[in-house]
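Read through the structure below, which is laid out as structure tokens, and then see the notes.
The values are calculated or read from the model by the stated rules, or taken from the named source; none is laboratory data. Since the structure is predicted, the reported quantities are computational estimates derived from the model, not experimental observations. Counting neighbours? That spans all protein chains shown, and the Cβs are built from the backbone with ideal geometry, glycine included. Surface areas here come from the heavy atoms of the whole protein model, side chains and all, with no ligands, DNA or RNA. Shrake-Rupley method; radii C 1.70, N 1.55, O 1.52, S 1.80 Å.
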Amino acid sequence: MRDTDALPGSTASHPVWQMLRSYEIGPPEAALSFSARLARENGWSAAMAERVIAEYRRFVFLAVTGDAPATPSDAVDQAWHLHLTYSRDYWEHFCPDVLGRPLHHGPTAGGADEHRRYYRQYADTLARYEAAFGAPPPSDIWPSAARRLNDDPRARRVHPREAFIVPRWQAALYVLVLLTMTALALYLGVT
């Protein structure tokens, strides 16, 4: 969490924020911590997983203290999904003791109306974030509404056991090398 950032007084002194700041997800004695599991399941570094957890706390604060629904970024949603699998912690400790109320996860029902609604909600969440925390959210975790709701849904989670994962620039380099070698072989008459 960006504890070094100066938060507006109304956020810093809010009882929910005070509880969220000290809350740790999952059992402390677990061999695989929540943060390590989140990193492993998403292919993130440990530092990235910690940043996402900090942003998950900020999202949760917005979701339970605002007058309107909040919509998470994809990265924050991954933290939320994983937290929900720690069901006893989530429902028996986190919601009643930290948040003071239940926080349900409601996925979209699909369709154009829902897309417009979630687009507005996500854009509103970004604006509320800046108002509550005194700075815009980090764009690598909280992309624009257009990217989050139009581009990111096209992404697919891929297991590295089932596919080769090669960055586009690297694939282009491989193709260029292959074409160069083929042209050179043809030029030299090698078959």
> Which residues, counting only those in segment 1-48, are closer than 17 Å to Leu84 by Cα, touching a Phe, Trp or Tyr at 6+ places or on another chain (Cβ under 8 Å) and in a helix (DSSP H, G or I)?
Replying inline: Leu20, Phe34, Leu38
>> I'd like the full set of residues that are among the small types (Gly, Ala, Ser) and within 14 Å of Ala70 (Cα to Cα), limited to segment 103-125.
In response: Gly106, Ala123
> Any chance segment 111-132 includes a residue that's outside any helix (DSSP H, G or I), open to solvent by 30 Å² or more (accessible area, probe 1.4 Å) and at pLDDT 90 or above?
Replying inline: no
> How many residues does segment 49-69 hold that are open to solvent by 20 Å² or more (accessible area, probe 1.4 Å), of a type in the set (Asp, Glu) and either touching a residue at least 40 places away in the same chain (Cβ under 8 Å) or in a helix (DSSP H, G or I) (or both)?
Replying inline: 1
> Limited to segment 70-91, what total is found for residues that are of a type in the set (Gly, Ala, Ser), open to solvent by 50 Å² or more (accessible area, probe 1.4 Å) and under 17 Å from Tyr118 (Cα atoms)?
Replying inline: 0
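Is it the case, given these coordinates, that Phe94 is touching a Gly at 6+ places or on another chain (Cβ under 8 Å), open to solvent by less than 20 Å² (accessible area, probe 1.4 Å) and over 15 Å from Ala132 (Cα atoms)? Talk me through it step by step, then tell me what you get.
Details: touching a Gly at 6+ places or on another chain (Cβ under 8 Å): no; open to solvent by less than 20 Å² (accessible area, probe 1.4 Å): yes; over 15 Å from Ala132 (Cα atoms): yes.
No, not satisfied.
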>> Can you pull out every residue in segment 85-109 that is under 18 Å from Pro72 (Cβ atoms) and assigned to a loop (DSSP other than H, G, I, E, B)?
In response: Tyr86, Arg101, Pro102, Leu103, His104, His105, Gly106, Pro107, Thr108, Ala109
> Out of all the residues in segment 70-119, which are without any contact (Cβ under 8 Å) to a residue 60 or more places away in the chain, touching a helix residue (DSSP H, G or I) at 6+ places or on another chain (Cβ under 8 Å) and more than 28 Å from Ala39 (Cβ to Cβ)?
Replying inline: Arg101, His115, Tyr119
> Which pairs do you get when a residue that is without any contact (Cβ under 8 Å) to a residue 12 or more places away in the chain, found in segment 164-183, comes within reach of a residue that is assigned to a helix (DSSP H, G or I) and open to solvent by 70 Å² or more (accessible area, probe 1.4 Å), reach meaning Cβ atoms under 9 angstrom, with the pair 6+ apart or on two chains?
Replying inline: Val166/Tyr174
> For segment 140-186, what are the residues that are at pLDDT below 90, outside any helix (DSSP H, G or I) and open to solvent by less than 100 Å² (accessible area, probe 1.4 Å)?
Replying inline: Ser144, Ala155, Val158, His159, Pro160, Ala163, Val166, Pro167
